[in-house]
Amino acid sequence: MTFCIEFIAEHAHQAHIYLFFLIMLAGLNVPLSEDVLLLIGGAFAGFGEVGVHIMLLWLYAACILSAWEAYALGRILGPRLLTIPLFAKILPQRRQDKLKNAIAMYDPLPFFIIRFIPGGMRNAFFMTAGLTKMPFHLFAFKDAVACLLPLALLFSLGFFFGTHFEVLVHILRRCQLGILLFAAMIFFVWFIYTKRKKSKLIRD
C-alpha cells in the first residue's frame, strides 16, 4: 500500500484514475484496502491535486463497479468459484451460511453494515449475493445506496485530516473491528433467539 501511495503522489493530477483501478482490483480480491484508498482520494482532493467532484464521482463509480465484479464472480462461476483456493479460503461454507442468513433475515440492513467492514468480508458478502442469485437490479440498487454514507464519511476524513493519514488509518481499523464485533453480536443474538423459538415449537 505504501508503494501505491508513493506512486499516486508522483502522478497526483491523475490520482482519481489510479485510485479507480486500484479499487477495481480490490473487487477481484487483490489485497488492497478500499477504505484506505477512499481516504487517500479525500486527501488528494483536500490538497487540491484533483477537483472534489471529479474525485468523488470516480471513487463512487469504482466502489459500485468493484462490488459488481465480486457479485459477477459468484453469479457466473457459481459453486465452481469454491474450487479456486483463493476464493475457497475467503468464502468457506460456514461464512456462506452466515451471510445467506443475514441477507434473508435482515435485508437490506446487511448492505449498510458490510460497507463498514473490511474488504475480505465485504467481497465475501457480494459473492454470496451472486451465488444465491439475488436479482442483480436489487443488488445494484441496495449497494449503490448503502455505499453513499461510507464513501462520504471516508472521503471527508481524508479531505479534512489528510495530513494525519497514519492516525486516520489506525482509527479506521479500530472502528471496523468494533463494527465487526457488533455485527457478530447481532447475529449471535438472532441465532440464540431462533434456536429457542424452534425448541419451544417442538415442545408445544
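The values are calculated or read from the model by the stated rules, or taken from the named source; none is laboratory data. None of the values given here were measured: they were computed from a predicted structure. Neighbour counts are summed over all protein chains in view; Cβ atoms, including those assigned to glycine, are modelled from backbone coordinates with ideal geometry.
Descriptive notes on the structure:
- Total residues in segment 33-59, condition free of Cβ contacts under 8 Å to residues at least 60 places away in the same chain and closer than 13 Å to residue 8 by Cα: 3
Rundown of residues vs (1) under 22 Å from the mean Cα position of the chain (by Cα); (2) in a loop (DSSP other than H, G, I, E, B), yes/no style:
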{"site": "18", "(1), (2)": "yes, no"}
{"site": "30", "(1), (2)": "yes, yes"}
{"site": "42", "(1), (2)": "yes, no"}
{"site": "49", "(1), (2)": "no, yes"}
{"site": "60", "(1), (2)": "yes, no"}
{"site": "63", "(1), (2)": "yes, no"}
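- Any hit, segment 57-67, residues being surrounded by 15 or more Cβ atoms within 10 Å (Cβ to Cβ) and either modelled with pLDDT under 85 or on the phi > 0 side of the Ramachandran plot (or both): no
- Filter result (of a type in the set (Val, Ile, Thr) and under 11 Å from residue 155 (Cα atoms)) within segment 28-47: 36, 40
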